[in-house]
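No value in this document is a laboratory result; all are computed from the given coordinates. The model shown is predicted, which means the values in this text are computed figures rather than measured ones. Quick reminder, even Gly has a Cβ in these numbers, built from the backbone with ideal geometry, and neighbours come from all protein chains shown.
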Amino acid sequence: MKYIMFEDFSGDPLPILFPNRIAFLEFREQIPYTNVLSAGYVQIREDGISCHGESRELNTRIRPEDSAIISEKLDAPES
């Protein structure tokens, strides 16, 4: 899967995961948040979440904290 980490309207990081078949730029254009913090690929496995890669279309790459942020959001989706 792919993901883009946005800064939401309150300034918090908000990851959105989407299928590989959708282009980063195509997906980004559908989201109202202004700031893209990072983007790349995410794998969800039994031993945890792993982020890797980059989005050349958005001129950004993963950040070391992305895996933890995505994991936290999936564990507490209402946050």
Only sites in a loop by DSSP and with at most 16 other Cβ atoms within 10 Å count here; which GluC sites (Glu not before Pro) in segment 30-79 make the cut?
GLU46, GLU57, GLU65, GLU78
Would you calculate the separation in nanometres between label points at ILE31 and ARG63, each defined as 7 Å from the Cα along the Cα-to-beta-carbon direction?
1.3 nm
Of all C-alpha pairs within the chain, those more than 14 angstrom apart amount in percent to 58 percent
Formal net charge of residues neighbouring LEU74 (Cβ-Cβ distance under 13 Å; K, R +1; D, E -1):
-2
Counted charge near LEU37, where neighbours are those whose Cβ lies closer than 11 Å (Asp, Glu -1; Lys, Arg +1)
-3
Per-residue ellipticity at 222 nm for the chain, helices alone: DSSP H runs ≥ 4 residues times -39500 (n - 2.57), over residue total, nearest 500 deg cm²/dmol?
-5000 deg cm²/dmol
With point charges of +1 on the Cβ of Lys and Arg and -1 on the Cβ of Asp and Glu, referenced to the Cα centre of the chain, which listed residue (PRO13, ILE70, THR60) lies farthest in the positive direction of the dipole?
THR60
